[in-house]
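In what follows, a structure is listed as structure tokens, so that the remarks can point back to it.
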Amino acid sequence: MAASQPQILLVEDEPAQREVLAYNLEAEGFYVRRAENGEEAMLLVAEALPDLVILDWMMPLLSGIEVCRQLKTREDTRHIPVIMLSARSEEVDTVRGLETGADDYVVKPYSMRELMARVRTQLRRVRPTTTGSALNYDDINLDPETHRVNRAAHELKLGPTEYRLLVTLLERPGRVFSRDQLLDHVWGRDIFVDTRTVDVHIARLRKALTVHGGSDPIRTVRGAGYALG
């Protein structure tokens, strides 16, 4: 997985439907992890937090409704957008899905174009750089199209790793990222890097952000990780 790729967890128990969906998502540039039931989905979430979950309602072992409920009641996963897929088209079912915490509800059969549009809409909320939107926090501004970073009136020079670290922190100000989560977002799951490497690059990012003065915007949370602000 490229570090900049949004990661989508696709939970669908019907193999043919799962592969069609995965094919289309990967064609859109997303990194897709597949689960064929709710229990497997929760195991994959424990391994690495996805940026978005596409979740079928009717599944064996653990229903989509129950998976959604668990995700939305946990502190570390409640921010993850969930798109619920269901053949249930009655209003009462839609309401139930949304009340459980789903961010969107798509009735089968659906058009693939519509689903992709809904995926992008939800990702825009949590990963704005994937749509080219600028990121801002306090006096820090990052333009993903030009890869330029400014703080106050000064343009900052960042290495590629420090840039990706800053993008990750800017996309979710206030959220505490563990070292393992930063490794996943910045380096990617397919590359082995020691967690101490994160500390080294955080130190470099701090130095770059404060080279022209100003307070250090990165907060160290003892035993947990790092956060912006």
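The values are calculated or read from the model by the stated rules, or taken from the named source; none is laboratory data. Not measured: the values here are computed from a predicted model. Note that each Cβ is placed from the backbone with ideal geometry, even for glycine, and that neighbours are counted across all protein chains shown.
Details
For every residue, the table says whether it meets (1) at pLDDT below 90; (2) part of a loop (DSSP other than H, G, I, E, B).
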{"residue": "G29", "(1), (2)": "yes, yes"}
{"residue": "L43", "(1), (2)": "no, no"}
{"residue": "I54", "(1), (2)": "no, no"}
{"residue": "L62", "(1), (2)": "yes, yes"}
{"residue": "I65", "(1), (2)": "yes, no"}
{"residue": "I83", "(1), (2)": "no, no"}
{"residue": "V92", "(1), (2)": "yes, no"}
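- Cβ-Cβ distances below 7 Å connect the following pairs, each with a first residue in the range 202-229 that is among the polar types (S, T, N, Q), a second residue that is surrounded by 13 or more Cβ atoms within 10 Å (Cβ to Cβ) and in a strand (DSSP E or B), and a separation of six or more residues or different chains: T220/Y226.
- T77, sole failed condition from (1) of a type outside the set (G, A, S); (2) modelled with pLDDT under 85; (3) part of a loop (DSSP other than H, G, I, E, B); (4) more than 15 Å from V11 (Cα to Cα): (2)
- Residue in the range 106-115 that is among the charged types (D, E, K, R), modelled with pLDDT under 85 and under 30 Å from L209 (Cβ atoms) present: no
- Residue within the range 29-36 that is within 17 Å of D104 (Cα to Cα) and of a type in the set (A, V, I, L, M) present: no
- From the options D51, D56, residue that is among the acidic types (D, E), under 19 Å from W187 (Cβ atoms) and touching a residue at least 12 places away in the same chain (Cβ under 8 Å): D51
- Wholly enclosed helices (runs of 4 or more DSSP H) of the range 151-229 bearing at least 3 residues surrounded by fewer than 17 Cβ atoms within 10 Å (Cβ to Cβ): 196-209
- Here V67 does not qualify as under 15 Å from the mean Cα position of the chain (by Cα) and either in contact (Cβ under 8 Å) with a residue 12 or more places away in the chain or farther than 20 Å from G188 by Cβ (or both).
- Those residues of the range 45-83 which are surrounded by fewer than 18 Cβ atoms within 10 Å (Cβ to Cβ) and hydrophobic (A, V, I, L, M, F, W, C), in sequence order: A46, A48, M58, L61, L62
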